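The values are calculated or read from the model by the stated rules, or taken from the named source; none is laboratory data. Quick caveat: nothing in here was measured; it's all calculated off a predicted structure. Methodologically, a virtual Cβ is constructed for each residue, glycine included, from the backbone with ideal geometry; neighbour enumeration extends over all protein chains shown.
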Amino acid sequence: MGGEFKVNESWQHRALFHKGDYEIIFCNRGPIYLQVGDDKYILNKNQVLIVPPFTHYFGYRKNPSGADFYWLHFFPQEKVSEFDAKESDVISRLKTNTSGKHDDVTLPIIFDLPDYEDAVVTIHKILAAKKKITYMEKRDFLTSALLIELFDSYVNQHNPNEENAKIDYIKEWIRAHMSNKINVEVVANSVNLNRDYLTRIFKKQTGMTILQYINKQRIDVASLLLVRTEMSIKEIAYSSYFTNPKVFMRRFKKDTGLSPSEYRGLYSNIHLNNTHVDPFIPVPSRIADSINESVDARLEDNLTS
């Protein structure tokens, strides 16, 4: 279950307790002051906070100008473990995994999300999935994909080497110059790299050519505007750096399998809530019993100790 919470007045997060569910909070506008267990956090724009199960949390301070965030609750089907560790040690362990394969997703309680726009589009896909049993697998798949996306973003921003640094710089240069007419030659000249060398290392690091990356950025911007704004299709075409709305619509349909209007209709219908409409999180019946048993066991342990 999830949605988007928006409030434009002074607000403080109410006290809650998680049973067996995890919650991920994606901050669109902050700061949001949250205490999770005994730890206090300040969640700012483009940051993510993960609240573990069986945890009390609440706002320890008011947000004078309000807040805007996505919230998503999920129940893991596999056992999840929590541990305290230095971030540098965890990153080092992940980097020394020479197989290139990670069998688990490791994330901190709070972290920055450089690829925030990509995550927002995935969140909207999850939240817009129809609430029918037949669509449960789709939501499960998308939630798993989101966690992997967060993991990749977190690890990559802490995995510096010479080539990665070059690629990050190139990506930022492309994003900063999207409004201009750019191609591989222009990018290569601007970053003082040989065109063939640039093409080779970019493809190696991203799995995409320069042109594919440029087109992806345009489509990502358009996707975000479609689900986050009420701009017209024509306005979105120009705002996502297409010079011709017809070219934009053809390209969007080719890349997503949907027209811009179809995409907006499918993924922009999400649950919204504010200070007057609180989200209700239904516990799936298939795990309700196990959650209650776990809570009872914890209470019994506390009483006997």
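Remarks
- Number of positions in the range 205-264 that are more than 20 Å from Lys171 (Cα to Cα) and among the aliphatic types (A, V, I, L, M): 10
- Scanning the range 216-266 for residues that are part of a helix (DSSP H, G or I) and in contact (Cβ under 8 Å) with a residue 60 or more places away in the chain returns Asp220, Val221, Ser223, Leu224, Val227, Arg228, Leu266.
- Evaluating Arg228 against the criteria (1) within 30 Å of Ser10 (Cβ to Cβ); (2) among the basic types (Lys, Arg); (3) modelled with pLDDT of 85 or more leaves one unmet condition, (3).
- Positions within the range 192-215 being farther than 29 Å from Ile236 by Cβ, among the aliphatic types (A, V, I, L, M) and not in a helix (DSSP H, G or I), in sequence order: Leu193
- His177 satisfies every condition listed in (1) over 19 Å from the mean Cα position of the chain (by Cα); (2) modelled with pLDDT under 80 except (2).
Matching residues to (1) among the small types (Gly, Ala, Ser); (2) in contact with a Pro (Cβ under 8 Å, 6 or more places away or on another chain); (3) modelled with pLDDT under 85; (4) farther than 20 Å from Ala119 by Cβ:
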{"position": "Lys181", "(1), (2), (3), (4)": "no, no, yes, yes"}
{"position": "Lys203", "(1), (2), (3), (4)": "no, no, no, yes"}
{"position": "Ser232", "(1), (2), (3), (4)": "yes, no, no, yes"}
{"position": "Ser240", "(1), (2), (3), (4)": "yes, no, no, no"}
{"position": "Gly257", "(1), (2), (3), (4)": "yes, no, no, yes"}
{"position": "Arg264", "(1), (2), (3), (4)": "no, no, no, no"}
{"position": "Leu272", "(1), (2), (3), (4)": "no, no, yes, no"}
{"position": "His276", "(1), (2), (3), (4)": "no, no, yes, yes"}
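- Counting the residues of the range 1-31 that are hydroxyl-bearing (Ser, Thr, Tyr) and surrounded by fewer than 16 Cβ atoms within 10 Å (Cβ to Cβ) gives 1.
- Residue in the range 5-18 that is in contact with a strand residue (DSSP E or B) (Cβ under 7 Å, 6 or more places away or on another chain), closer than 22 Å to Gln157 by Cβ and assigned by TED's automatic domain parsing to the domain that holds Lys125 present: no
- All positions within the range 30-43 that are within 18 Å of Lys62 (Cβ to Cβ) and modelled with pLDDT of 90 or more: Pro31, Ile32, Tyr33, Leu34, Gln35, Val36, Lys40, Tyr41, Ile42, Leu43
- The range 44-120 holds strands (runs of 3 or more DSSP E) entirely within its bounds, and those carrying 2 or more residues that are modelled with pLDDT of 90 or more and among the β-branched types (Val, Ile, Thr) map to 47-51.
- Of residues in the range 51-93 being of a type in the set (Ser, Thr, Tyr) and over 15 Å from Arg14 (Cα atoms), the one surrounded by the most Cβ atoms within 10 Å (Cβ to Cβ): Tyr70
- Conditions (1) surrounded by 15 or more Cβ atoms within 10 Å (Cβ to Cβ); (2) of a type in the set (Ser, Thr, Tyr); (3) modelled with pLDDT of 85 or more; number of the one not met by Tyr197: (1)
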